[in-house]
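Working notes for the structure below.
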Amino acid sequence: MATWGDFSRSEPEFAKLVKARFDSHKHKMLATLRKDGSPRISGIDATSLKALDLRRDPRLALHSASLDAEMPDGDAKLAGRATEHTDDGTKNSFAAAVKDASGEDMPPGPFHLFSIDIEEAVLIRVGDPADHLVIETWREGQGLKRIKRS
């Protein structure tokens, strides 16, 4: 599996497009696996059981949650495994980075912090003309592949 740095060094332009989709708005959807193995999908900003899911089984999918059904800029997904970071130094550095990037403090209280080891990154866009989808998929060791689907 690859870190974000590994992924972005492997396919820098594609990584920028994927990151732009995730950065374009606050809302994202996270898929985890429940204790019984069934899927759970929830927003990343909602209080839920997803952190407990990831502690038990680190497999996940993160979706950029398109707000526009026309998908003019595409739709991004990451799949991989989560690693929890529990040390105060890492969590304080993260909170400081959030404040630097947004100008806002983290909400008060404890929080869970995970990083993702990436197995797959996908960007799906409506083609030009708009009669097909363009699906670009990056997998570690396989590089970037593009397909068109009608």
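The values are calculated or read from the model by the stated rules, or taken from the named source; none is laboratory data. For clarity, every value in this text was computed on a predicted model and none was experimentally measured. Quick reminder, even Gly has a Cβ in these numbers, built from the backbone with ideal geometry, and neighbours come from all protein chains shown. Accessible surface is based on the protein model in full, side chains and every heavy atom, while ligands, DNA and RNA are left aside. Shrake-Rupley method; radii C 1.70, N 1.55, O 1.52, S 1.80 Å.
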For this session: Look at the range 25-47 and say how many of its residues are part of a loop (DSSP other than H, G, I, E, B), loosely packed, with under 15 Cβ neighbours inside 10 Å and on the phi < 0 side of the Ramachandran plot.
Result: 11
Exercise. What are the residues in the range 98-150 that are open to solvent by 90 Å² or more (accessible area, probe 1.4 Å), in a strand (DSSP E or B) and under 19 Å from R81 (Cα atoms), if any?
Worked result: R139
For this session: Check A51 against each of (1) open to solvent by 50 Å² or more (accessible area, probe 1.4 Å); (2) touching a His at 6+ places or on another chain (Cβ under 6 Å) and name the one condition it does not meet.
Result: (1)
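Going by the conditions given, is A15 in contact (Cβ under 8 Å) with a residue 60 or more places away in the chain, open to solvent by less than 80 Å² (accessible area, probe 1.4 Å) and farther than 17 Å from L123 by Cα? Walk me through it before giving the result.
Numbers: in contact (Cβ under 8 Å) with a residue 60 or more places away in the chain: yes; open to solvent by less than 80 Å² (accessible area, probe 1.4 Å): yes; farther than 17 Å from L123 by Cα: no.
Against the criterion (in contact (Cβ under 8 Å) with a residue 60 or more places away in the chain, open to solvent by less than 80 Å² (accessible area, probe 1.4 Å) and farther than 17 Å from L123 by Cα), A15 does not qualify.
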Exercise. Considering E84, E13, which residue is closer than 26 Å to W138 by Cα and within 16 Å of the chain's Cα centre (by Cα)?
Worked result: E84
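Among the residues of the range 116-128, is there at least one that is under 21 Å from the mean Cα position of the chain (by Cα), of a type in the set (A, V, I, L, M) and farther than 19 Å from E11 by Cβ?
Restricting attention to the range 116-128, the residues satisfying the condition of being under 21 Å from the mean Cα position of the chain (by Cα) are 116-126.
Next, from what is left, pick out any that are of a type in the set (A, V, I, L, M): 116, 118, 121-124, 126.
If we keep only those that are farther than 19 Å from E11 by Cβ too, we end up with 126.
Yes, because at least one residue in the range 116-128 is under 21 Å from the mean Cα position of the chain (by Cα), of a type in the set (A, V, I, L, M) and farther than 19 Å from E11 by Cβ.
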Exercise. Scanning for something modelled with pLDDT under 95 and either part of a helix (DSSP H, G or I) or under 13 Å from I116 (Cα atoms) (or both), does the range 69-87 turn up at least one residue?
Worked result: no
Seminar exercise, completed: Filtering the range 54-67 down to residues that are over 17 Å from K19 (Cα atoms), open to solvent by 20 Å² or more (accessible area, probe 1.4 Å) and not in a strand (DSSP E or B) yields R55, R56, D57, P58
